[in-house]
Amino acid sequence: MASNRVVAQIKERLDIVEVVGRYVSLKRSGRTYKALCPFHQERTPSFVVFPHTGTWHCFGACGEGGDIFTFVMKAEGFGFAEALAMLAREAGVELEPLDAADAQRRQRRERLYAICEAAAEMFAEWLWTRTEAQACRHYLKQRQVRPETARLFRLGYALDRWEALLKALTARGYSEDDLEAAGLVVRTDHGHRYDRFRHRLIFPIRDVRGRVVGFGARALDESQQPKYLNSPHTELFDKGRLLYGLEIAKEAIRQADRVVIVEGYMDVLTAHQAGFRNVVAGLGTALTPEQVHLVKRFTTNVTLALDADKAGLEATRRGVEAVRQVLDRRLVPRMGRRGRLQPEYELQGDLRVAVLPDGYDPDELIKESPEQWQALIEGALPVVDFFFEAALRGRDLDDPRERAEVADQLLPIVAEIGHVVLRAHYAQRLARLLRVDERDVHAELARYRRRSRERRRPSAPEVPTGAGPAGEVPAAEAYLLYMLLRWPETLPIALDMGLQADDWSMTEFRVLFDALIGQMPSTADAVEELLADLPAPVAERAADVLTSYDRYPQPPQEAVEWEVRDKVDAQDTCPQAGV
């Protein structure tokens, strides 16, 4: 883990304007720089870089923001460690030395990456140069995979020999133990090792950075079993944490602001070859939350397009649940009874299911009719409609017990719908299907929603690093300050509710609040100018709060006032910490 000192050094040495400017065309605007946001489609620039604080923020639809690290993480699809390593190299900052165990583990992983890369190169060379690979090349031609597509995805061929790869890579200096650790060879009970993949079409599987971490392999003879064979679980390869084609598709996913998830390798190849480049695939298992976390770096809009057979439908159900687990829920205020605002939750993003025609998989449908595939994806069912269709399939609604089972499946799903009009629509539809009074359905939905609200009532995030020693500042207090800095137009609301400088437990927070109410800035640019004129410790504290909380999902514009009121109320109950 990087120390605050290392992170601060990197920020000090690198100009955030220069780094961000490699990805977007920035134009100076007073003390800030503006551009079209690289993370969502827009016509009017709403993406702003603040050089004085080393931060950025999109004031448009996506609402993203953060510091130089969060920008690189989002732009490249990196985790923090990857962004740290990249920026540290660029800044000439030496990362703190690892302990012996960590250094050894890193060396081992780098060795495995090198072995997987060498194997991929070998398989690709064999595919295009060896006479023995003719059957594999013929198979690709049969499946209408063009050479340029095969090369883009680095397809290869495993020779029909027991030790071809083993001998080729040990000749390069790699040990048999390392080849086994990479999943490329198998050891018998007697200690003899041989190639795992033989006479198969090879699909290198890469992580989001494009590093080869494992392989999928398709049999070329009907007698070979299994038909598809993957690398075993290794230190690099975990099929539940990878998506095939993501390293190629990620930019198209970001541009389309949607990912289409299919089932097989050939589905991905055919889709990309036909121009549908935001398509990725699982690795022979149902979609997992870890895989959804991968695509969430690039979009929160997901379409599942799995096979229409029974297994495909079951995989779709599990995939839907994985997506619902991972997508953030945002707080949205709704007008409740007696004219009072109350919190509700909506999934951030759009989840849809494309139901394929019977007997077709995406590969076959795209080849036969690309137009039908495009129409299918564009007309994909909202997830609630899919659940309705799935719950009703094969049901006898004349049987009250089956109606009860349908109700048990669908009531929690309808209760999750945040928009009151949509929820009312599906409640009415459910009441008609179950042949019950609509008021009874609404009563059950209210019960489910009360439970959900209790589980998910929002709390302020943890106190961010740099906002004070642990326990020094109540979390709600730090978050309230963030809200006032990001949305200064809410300052009059806080003042009307009686918020005063003495209500803050930290000296820097009191100074900041005094400065805010002294100048009453109305825009983010005005706040930036105000911070630039404050003493360094106070300005740095504000920058820490902004940078830390910018990493969290932002409330929609219409919910900002509700959030501020909620946090001012919380401020009244916060224990005053010592300064």
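Tell me which residues, restricted to the range 181-197, are assigned to a loop (DSSP other than H, G, I, E, B) and surrounded by fewer than 18 Cβ atoms within 10 Å (Cβ to Cβ).
First, the residues of the range 181-197 that are assigned to a loop (DSSP other than H, G, I, E, B): 182-184, 188-192, 196-197.
188, 189, 190, 191, 192 - these are the residues of the range 181-197 that are assigned to a loop (DSSP other than H, G, I, E, B) and surrounded by fewer than 18 Cβ atoms within 10 Å (Cβ to Cβ).
Here residue 227 clears all of (1) among the basic types (Lys, Arg); (2) under 22 Å from residue 141 (Cβ atoms); (3) in contact with a Phe, Trp or Tyr (Cβ under 8 Å, 6 or more places away or on another chain) except the condition numbered (3). Of the numbered criteria (1) farther than 30 Å from residue 507 by Cβ; (2) at pLDDT below 90; (3) of a type outside the set (Asp, Glu); (4) surrounded by 11 or more Cβ atoms within 10 Å (Cβ to Cβ), the one residue 463 fails is (1).
Restricting the range 94-110 to residues that are surrounded by 12 or more Cβ atoms within 10 Å (Cβ to Cβ) and at pLDDT 85 or above, which is nearest to the chain's Cα centre (by Cα)? Selected residue: 109. Exactly one residue out of 480, 445, 434 is buried (at least 16 other Cβ atoms within 10 Å of the Cβ) and modelled with pLDDT of 90 or more: that is 434.
Only a single criterion out of (1) in contact with a helix residue (DSSP H, G or I) (Cβ under 7 Å, 6 or more places away or on another chain); (2) exposed (fewer than 14 other Cβ atoms within 10 Å of the Cβ) is not satisfied by residue 149, namely (2). Please specify each residue of the range 250-272 satisfying the condition of being aliphatic (A, V, I, L, M) and part of a helix (DSSP H, G or I). Result: 252, 253, 256, 266, 268, 269, 271.
Of the numbered criteria (1) more than 30 Å from residue 176 (Cβ to Cβ); (2) of a type in the set (D, E, K, R); (3) over 30 Å from the mean Cα position of the chain (by Cα), the one residue 125 fails is (1).
Remark: pairs (first residue in the range 492-506, in a loop (DSSP other than H, G, I, E, B); second residue among the aromatic types (Phe, Trp, Tyr); Cβ separation under 9 Å; 6+ apart in sequence or on different chains) = 499/513; 500/513; 504/513.
From the list 229, 243, the lone residue that is under 21 Å from the mean Cα position of the chain (by Cα), closer than 20 Å to residue 315 by Cβ and hydrophobic (A, V, I, L, M, F, W, C) is 243. Can you tell me which of (1) over 21 Å from residue 166 (Cα atoms); (2) in contact with a Lys or Arg (Cβ under 6 Å, 6 or more places away or on another chain); (3) small (Gly, Ala, Ser); (4) in contact (Cβ under 8 Å) with a residue 40 or more places away in the chain is the one residue 217 doesn't meet? Only one criterion is unmet by residue 217, namely (1).
For the range 328-338, indicate whether the set of residues that are surrounded by fewer than 16 Cβ atoms within 10 Å (Cβ to Cβ), in a helix (DSSP H, G or I) and modelled with pLDDT of 75 or more is non-empty. So far as the range 328-338 goes, no, none of its residues is surrounded by fewer than 16 Cβ atoms within 10 Å (Cβ to Cβ), in a helix (DSSP H, G or I) and modelled with pLDDT of 75 or more. Restricting attention to the range 54-72 and to residues that are surrounded by fewer than 21 Cβ atoms within 10 Å (Cβ to Cβ) and within 15 Å of the chain's Cα centre (by Cα), the residue that is farthest from residue 547 (Cα to Cα) turns out to be 62.
Is it the case that some residue within the range 107-118 is assigned by TED's automatic domain parsing to the domain that holds residue 8 and in contact with a Lys or Arg (Cβ under 8 Å, 6 or more places away or on another chain)? Taking every residue of the range 107-118 in turn, none turns out to be assigned by TED's automatic domain parsing to the domain that holds residue 8 and in contact with a Lys or Arg (Cβ under 8 Å, 6 or more places away or on another chain).
Specify which of the listed residues (18, 64, 76) is more than 30 Å from residue 301 (Cα to Cα) and outside the structural domain of residue 212 (by TED's automatic domain parsing).
Working: 64 fails: more than 30 Å from residue 301 (Cα to Cα); 76 fails: more than 30 Å from residue 301 (Cα to Cα).
Only one candidate qualifies: 18.
Does residue 121 meet the test of being charged (D, E, K, R) and in contact with a Phe, Trp or Tyr (Cβ under 9 Å, 6 or more places away or on another chain)?
Against the criterion (charged (D, E, K, R) and in contact with a Phe, Trp or Tyr (Cβ under 9 Å, 6 or more places away or on another chain)), residue 121 does not qualify.
For residue 439, the conditions (1) buried (at least 18 other Cβ atoms within 10 Å of the Cβ); (2) modelled with pLDDT of 90 or more are fulfilled apart from (1).
Taking the criterion of being part of a helix (DSSP H, G or I), within 29 Å of residue 529 (Cα to Cα) and small (Gly, Ala, Ser), would at least one residue in the range 89-107 satisfy it? Yes: one or more hits. Residues in the range 138-187 that are touching a residue at least 60 places away in the same chain (Cβ under 8 Å) and of a type in the set (Val, Ile, Thr): 145, 149.
Residue-wise test of (1) in a helix (DSSP H, G or I); (2) on the phi < 0 side of the Ramachandran plot; (3) surrounded by 17 or more Cβ atoms within 10 Å (Cβ to Cβ); (4) not assigned by TED's automatic domain parsing to the domain that holds residue 362.
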position	(1), (2), (3), (4)
124	yes, yes, yes, yes
135	yes, yes, no, yes
140	yes, yes, yes, yes
145	no, yes, yes, yes
157	no, yes, yes, yes
162	no, yes, no, yes
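Only one entry in 275, 210 is assigned by TED's automatic domain parsing to the domain that holds residue 294, surrounded by fewer than 18 Cβ atoms within 10 Å (Cβ to Cβ) and not in a strand (DSSP E or B), namely 275.
The values are calculated or read from the model by the stated rules, or taken from the named source; none is laboratory data. This structure is a prediction, so every number in the text was calculated from the model and none was measured. Cβ: placed from backbone, ideal geometry, glycine included. Neighbour counts: every protein chain shown.
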